[in-house]
Amino acid sequence: MRRKICVVCLIGLLLGAAGCGEVTEPDLSAYETAGPAQIPAEQESGEAGKYVALTFDDGPRGDTTARLLDGLKERGAKATFFVIGEQIAGNEELIKRMAEEGHQIGNHTYSHARLNSLDQDRMLEEIHKTEVLLGEAVGERSVWLRPPYGFIGKDRAALVKTPMIYWSVDPKDWKLLDTGKVIDAVLRDVEPGDIILLHDFYATSVDAALAIVDTLQAQGYRFVTVEELFRLQGIEPKAGVLYARPDKAREMK
Ligand SMILES: [Zn+2]
């Protein structure tokens, strides 16, 4: 539709002007045919549903974790760090950076303990001590647990007051210590919704992680925190459940 309107006449009437000279009628059709608002580039770039979570255990470690945080920042990728309590002292700045730069911080116990072989009090102490240290570094928050080695029994799990996170892709980076092999193992197995296990303790794992981000981002993947992965899938995580992915709980023995 092409609507003819004399804007100058309208303005003249509104202003109480006496007459309206001969004017060229503006063509307003462009305003009527303009489509919906442009989708911002950041919403266009990710294909729907291609989200994954990178998780890093056993840090923080001064050099490797700092380099990883730099690389993730450059790439606009978020991750989740399951830190060991006894490694927080001296690395508080790295913990603060994780929080400030939008990463999720999780608890990997105080001394990397096998929780299923401790008595209940010791087990709760292993979890609590790290929570306190993280609270001091970045303030009180819900800190999800990743039991070292994924070991926790059903009875012990019932005592945990937060969700627990296992993993669905494990390249065994700590054993391979080979950037190329770690990259290949992850790229071979990864699917949308996966939780990838890596360790920021090793330089080879940091190199692999950043290369994995580059490759998967080029395929339309987006890297989000574990918490965000649950939210995107509309799944409410429950305390005491061990999740391999938001849509898959792991059986505990
Ligand atoms: Zn570990």
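Please work out if L177 is surrounded by fewer than 17 Cβ atoms within 10 Å (Cβ to Cβ) and within 16 Å of the ligand (Cβ to nearest atom).
yes
I'd like to know if segment 224-245 contains one or more residues that are at pLDDT 95 or above, in contact with a His (Cβ under 9 Å, 6 or more places away or on another chain) and open to solvent by less than 40 Å² (accessible area, probe 1.4 Å).
yes
Go through segment 57-67 and count every residue that is more than 16 Å from the ligand (Cβ to nearest atom) and surrounded by 14 or more Cβ atoms within 10 Å (Cβ to Cβ).
The number of residues fulfilling the criteria is 2.
For segment 113-150, what are the residues that are of a type in the set (K, R), modelled with pLDDT of 95 or more and either open to solvent by 80 Å² or more (accessible area, probe 1.4 Å) or not assigned by TED's automatic domain parsing to the domain that holds Y166 (or both)?
In the first step, residues of segment 113-150 are kept if they are of a type in the set (K, R); the result is 114, 122, 129, 141, 146.
Of the ones still in play, those that are also modelled with pLDDT of 95 or more are 114, 122, 129, 146.
Matches in segment 113-150: R114, R122, K129.
Let's see how each residue does on (1) farther than 22 Å from A66 by Cα; (2) touching a Gly at 6+ places or on another chain (Cβ under 8 Å):
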{"residue": "S117", "(1), (2)": "yes, no"}
{"residue": "T130", "(1), (2)": "no, yes"}
{"residue": "A137", "(1), (2)": "no, no"}
{"residue": "I152", "(1), (2)": "yes, no"}
{"residue": "L177", "(1), (2)": "no, no"}
{"residue": "A185", "(1), (2)": "yes, no"}
{"residue": "V206", "(1), (2)": "no, yes"}
{"residue": "L210", "(1), (2)": "no, yes"}
{"residue": "D214", "(1), (2)": "no, no"}
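Give me a count of the residues in segment 151-174 that are within 16 Å of the ligand (Cβ to nearest atom), open to solvent by less than 70 Å² (accessible area, probe 1.4 Å) and assigned to a loop (DSSP other than H, G, I, E, B).
Keep residues of segment 151-174 that are within 16 Å of the ligand (Cβ to nearest atom), which gives 151-152, 164-167, 169-174.
Applying the additional criterion that residues be open to solvent by less than 70 Å² (accessible area, probe 1.4 Å) yields 152, 164-167, 169-171, 173.
Now drop any that are not assigned to a loop (DSSP other than H, G, I, E, B), which leaves 152, 166-167, 170-171.
The number of residues fulfilling the criteria is 5.
Does A99 satisfy being without any contact (Cβ under 8 Å) to a residue 60 or more places away in the chain and either under 19 Å from the mean Cα position of the chain (by Cα) or away from the ligand (no atom under 15 Å from the Cβ) (or both)?
Details: without any contact (Cβ under 8 Å) to a residue 60 or more places away in the chain: yes; either under 19 Å from the mean Cα position of the chain (by Cα) or away from the ligand (no atom under 15 Å from the Cβ) (or both): yes.
For A99, the condition - without any contact (Cβ under 8 Å) to a residue 60 or more places away in the chain and either under 19 Å from the mean Cα position of the chain (by Cα) or away from the ligand (no atom under 15 Å from the Cβ) (or both) - is met.
The values are calculated or read from the model by the stated rules, or taken from the named source; none is laboratory data. Because the structure is predicted, anything quoted here is derived from the model rather than measured. Quick reminder, even Gly has a Cβ in these numbers, built from the backbone with ideal geometry, and neighbours come from all protein chains shown. Please note that ligands, DNA and RNA were not included when accessible areas were found on the heavy atoms of the full protein model with its side chains. Shrake-Rupley method; radii C 1.70, N 1.55, O 1.52, S 1.80 Å.
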